[in-house]
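Report on the structure given below.
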Amino acid sequence: MTYLKSNDLFAGLNPEQLFERVPHPMVIADHLMTPDNIGAMIRLADNIGALEVCFLGKEDEHRLGKVRRAAASSRDNIRWYFSVETDLHKIVPKGKAIVAIETSDNATCIYDTPLPEDVAFIVGSERNGLSDELLDQCDMVVYIPVPGPTRSLNVSHAAAVALFEWQRQMLRKCGMWNEECRMAQSDAGLRPHSESRIQHSELKYKHIFFDLDRTLWDFDAAAEVAFERIYEQYDLKSLGIPSAHEFHEVYHPLNERLWELYREDKITKDNLNRTRFVLPLEHYGIHDTDLADHLSEDYVYWSPRIVRLVPGTMELLDYLKPKYHLHLITNGFQEVQHTKLSGSGIEPYFETLTVSEEVGVKKPNPEIFHYALRKANATAEESIVIGDEMAVDINGARAAGIDQIFFNPSGKEEEGERTFEVRSLLEIKKIL
């Protein structure tokens, strides 16, 4: 018997291709009590390729160290966060069916129930399960039959059964199950490891330029946690703002518009930092510039220190680093971006960092790409840019004569030419 590493065993299977056909699932857990279970849920969600994990309840700073240890490397691979929101439809992205895993009177056996393609699974706490309030918001309730004498499943085990049953159903539905598994089994261990790697001398590209925010750094996940903190710190509920999540929902489009103006040099950095909180406060009838300044200062402090990486970041960087020269090019502010890099542990992977503030122009201006090339001692022909914004990263790189990979996790329709497009970071391993 020959033992194989899991990566070699699954080399011919490529189960992540499933997400080219169906959306990534979401996982929600209601008021889990033990750090081990929270960490296990994060690890499980990473294994299955989940969109994100939401833990209902308040974040306990004293337990986060234990959670991170239990989650191991998965803590940096997937978005996970805590929320005090009780309206599931404010948490779950539009279009996802909410499926509860619970033994309620209207539950159906999971193995006899066709599960939705676009799904958010929710599990209850270790002691009380799911509340009636949450069950009433679900589109479907399924149970897992247990033949042994102990009828209740550990919450992370129940979630694992549900997620992998969902995966099995989706693979069959997409026609990927039998043939893909047969190929993986026949290929496993028979192909020399060296043959599955492209040698560096054969590669067209030598330099890879990554965007940072929403490409490697999960900007929105970090922002959600930062909003929870400033919401509680300044008791914004007493001012008529219903929740941190709703406040962020109001803030987000206003902030995006201000960033567009900033990229077009129509407002300054100081104007952006102040106005982005003045406007959402005014939405609630609050006219307090001092409060807006305090919120901005605390948000700028917290958001880069709450480490949230886009799923697959560390695995992709580990894969690319031995073969390529890696660089960063970003429109963010220098002090903020440096804080993100040093705190997240990804700084050692990169040889150069180009920030718009040092250049004096912002993406999509081709000059910032030319500047980054000169800084990296690279040519456009041997380089490729990876970014999540078509108008900013992809169009700018193309104008500078550089190939591009459009990272488009939502699958949104975007006009314009691009060299490659991927839905997940790990798909880039097939290109590079």
(request) Express the relative contact order of region 299-431 as a whole percentage, based on alpha carbon pairs under 8 Å and six or more residues apart in sequence. (result) 20 percent
(request) Please report the relative contact order for the chain, taking Cα pairs under 8 Å with a sequence separation of at least 6, and give it as a percent rounded to a whole number. (result) 15 percent
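I need the GluC sites (Glu not before Pro) found in region 357-414, filtered to DSSP loop residues with at most 11 other beta carbons within 10 Å of theirs. Intermediate values should be presented prior to the final figure.
Values: sites: Glu357, Glu358, Glu367, Glu381, Glu382, Glu389, Glu413, Glu414; in loops: Glu389, Glu413, Glu414.
Sites meeting the loop and neighbour criteria: Glu413.
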(request) Taking the Cα centre of the chain as origin, work out the dipole magnitude from +1 charges on Lys and Arg Cβ and -1 charges on Asp and Glu Cβ, in debye rounded to 20. (result) 1380 debye
(message) Can you tally the net charge around Glu165? Count Lys and Arg as +1, Asp and Glu as -1, for every other residue whose Cβ sits under 12 Å from the Cβ of Glu165.
(response) +1
(request) Could you tell me which of rounded, prolate or oblate describes region 9-137, using a ≥ b ≥ c as the square roots of the eigenvalues of the alpha-carbon gyration tensor, with rounded for a/c under 1.5 and, failing that, prolate when a/b is larger than b/c and oblate otherwise? (result) oblate
(request) Calculate the spin-label point distance for Glu249 paired with Tyr111, positioning each point 7 Å from the Cα along the beta-carbon direction, and give it in nanometres. (result) 3.9 nm
(request) Please give the net charge around Thr34, taking every other residue with its beta carbon less than 13 angstrom from that of Thr34, where Lys and Arg add +1 and Asp and Glu add -1. (result) +1
(message) How charged is the neighbourhood of Leu254? Take every other residue with its Cβ under 10 Å from the Cβ of Leu254, and add Lys/Arg as +1 and Asp/Glu as -1.
(response) 0
(request) Could you tell me which of the pairs Lys362/Lys412; Lys340/Lys375; Lys269/Lys321; Lys66/Lys362 are separated by over 30 angstrom between their Cα atoms in the structure shown? (result) Lys269/Lys321; Lys66/Lys362
(message) Quick check on the chain: helices-only [θ] at 222 nm, where DSSP H runs of length 4 and up contribute -39,500 (n - 2.57) each and the sum goes over total residues. Nearest 500, please.
(response) -11500 deg cm²/dmol
(request) Find, among the trypsin sites (Lys or Arg not before Pro) in region 257-318, those assigned to loop by DSSP (not H, G, I, E, B) with at most 16 other beta-carbon atoms within 10 angstrom. (result) Lys266
(request) Filter the trypsin sites (Lys or Arg not before Pro) in region 21-59 to those in DSSP coil with at most 15 other Cβ atoms within 10 Å of their Cβ, and list the result. (result) Arg21, Lys58
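Every number in this text was worked out from the coordinates using simple rules, so none of it is lab data. As the structure is a prediction and not an experimental result, all values here were calculated from the model. For neighbour counting, all protein chains shown are included, and Cβ atoms are generated from backbone atoms with ideal geometry for every residue, glycine included.
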